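Shown next, in structure tokens, is the structure this report addresses.
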Amino acid sequence: MLRLSVPDPTETTFDFISGGAASNTGDEALLKLSEAVFSLDPVDLPAARDAVTRSHGPGAMVDALAIAAHFNAITKVADSTGIQLETVADLASEDIRKQQDLDRLRPANRSYGG
């Protein structure tokens with residue numbers, strides 16, 4: 001099971017913007033692919049796939065997309081069962097959830113008995 005491990009979640013900040021965070025061209029290509037997967041942009045996604053194929057090879061591109069697909073599936077399974085966030089993850093993500101009004105999507109608010 002995946003867990004968020006931070007020493008003090010109230011002191012942790014998250015930077016979801018990847019601009020400038022990459023250390024080389026290959027890293028930048030992978031970051032752009034991960035962003036393009038969820039943007040569903042008909043231009044960005046094919047360009048990002050091509051960039052990863054050029055920088056890391058076709059196998060790495062397929063692996064990266066398979067990982068993204070599995071994370072998406074795992075989240076959907078957890079959501080459908082009504083699994084709650086662990087306390088540390090709940091605390092660490094509180095600000096971003098408020099900014100994006102994400103708590104309105106919590107499965108417990110939609111599931112039977114919740």
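Computed from the coordinates by the stated procedures, all read-outs in this text should not be read as laboratory data. Everything quoted here is computed from the prediction, not taken from an experiment. When we count neighbours, we look across all protein chains shown, and the Cβ atoms used for this are built from the backbone with ideal geometry, even at glycine.
Just need the relative contact order of the range 23-109 here, percent rounded to a whole number, with Cα pairs under 8 Å and 6+ apart.
Values: 41 pairs, mean separation 19.2, N = 87.
The value is 22 percent.
Residue by residue through the range 46-51, what is 3J(HN,Hα) from phi via Karplus (6.51 cos²θ - 1.76 cosθ + 1.60, θ = phi - 60°)? Round to whole Hz and write x for glycine and proline.
x, 5, 5, 4, 4, 5
Report ³J(HN,Hα) in whole Hz for each residue of the range 87-97, in order, from the Karplus equation J = 6.51 cos²θ - 1.76 cosθ + 1.60 where θ = phi - 60°; Gly and Pro get x.
Using θ = phi - 60°, the values come out as 4, 5, 5, 4, 5, 5, 9, 4, 4, 5, 5 Hz.
Based on the mean of other Cβ atoms within 10 Å per residue, sort peptides 36-49, 68-81 so the most packed one is first. Provide the component values of the computation, followed by the final result.
On the way: 36-49: 14.4, 68-81: 11.6.
Top of the packing list down: 36-49, 68-81.
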